[in-house]
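Asker: One structure follows; several queries about it will come next.
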Amino acid sequence: VQLQASGGGLVQAGGSLRLSCAASGLTFSSYGMGWFRQAPGKEREFVGAISYSGIGRYYADSVRGRFTISRDNAKNTVFLQMNSLKPEETAVYYCAARKTSGLGYNNAPTYDYWGQGTQVTVSS
């Protein structure tokens, strides 16, 4: 299984980025997908998740209303649209896949596979 995250980069505060995560080696439409981030010296934190069907979407309180998670099961890809970015959101962003559905979508240990991460840097 491979999860390849891309789309990170340097953006000014208030700007936008769209992250992508291309999956291979698994039945993508059977997996819930999540995005997490980890800043230097901090623990990995939940950002957003989407159910295998795309109907259920969940967000951390800190990003709700600014970030949007979506997926294209035909292309085995999950996206994270990030708007109004803040400097404190500078981090490595990781995508992850979980076979389990339901509760626990914000809990990293419930995910089965992880991508390598993509760096997002928000300048002030």
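The values are calculated or read from the model by the stated rules, or taken from the named source; none is laboratory data. For clarity, every value in this text was computed on a predicted model and none was experimentally measured. Using ideal geometry, Cβ is built from the backbone for each residue, glycine included, and neighbour counts are taken over all protein chains shown. All accessible areas refer to the heavy atoms of the entire protein, side chains included, with ligands and DNA or RNA removed. Shrake-Rupley method; radii C 1.70, N 1.55, O 1.52, S 1.80 Å.
Asker: Residues of region 56-75 being closer than 19 Å to Thr100 by Cβ and over 14 Å from the mean Cα position of the chain (by Cα), which ones?
Answerer: Gly56, Asn73
Asker: Same structure, new question: Could you say whether any residue in region 15-28 is among the basic types (Lys, Arg), under 17 Å from Tyr111 (Cα atoms) and within 14 Å of the chain's Cα centre (by Cα)?
Answerer: No - not one qualifying residue is present in region 15-28.
Asker: Same structure again: Restricting attention to region 1-37, which residues are aliphatic (A, V, I, L, M) and over 12 Å from Ala97 (Cβ atoms)?
Answerer: Correct list: Leu10, Val11, Ala13, Leu17, Leu19.
Asker: A further question follows. If we scan region 82-90, do we find a residue that is part of a strand (DSSP E or B) and within 18 Å of Val122 (Cα to Cα)?
Answerer: Scanning region 82-90 turns up at least one residue that is part of a strand (DSSP E or B) and within 18 Å of Val122 (Cα to Cα).
Asker: I need the strands (runs of 3 or more DSSP E) fully contained in region 1-44, keeping only those with at least 3 residues that are open to solvent by less than 30 Å² (accessible area, probe 1.4 Å).
Answerer: Ranges flagged: 17-24, 32-38.
Asker: A further question follows. Could you go through region 97-105 and let me know if any residue there is in contact (Cβ under 8 Å) with a residue 60 or more places away in the chain, surrounded by 15 or more Cβ atoms within 10 Å (Cβ to Cβ) and not in a strand (DSSP E or B).
Answerer: yes
Asker: For region 45-55, give me the residue count where each residue is touching a Phe, Trp or Tyr at 6+ places or on another chain (Cβ under 7 Å) and either open to solvent by less than 10 Å² (accessible area, probe 1.4 Å) or among the small types (Gly, Ala, Ser) (or both).
Answerer: 3
Asker: May I pose another question? For region 56-74, indicate whether the set of residues that are touching a strand residue (DSSP E or B) at 6+ places or on another chain (Cβ under 7 Å), open to solvent by less than 30 Å² (accessible area, probe 1.4 Å), at pLDDT 95 or above and among the hydroxyl-bearing types (Ser, Thr, Tyr) is non-empty.
Answerer: The answer is no; no qualifying residue exists.
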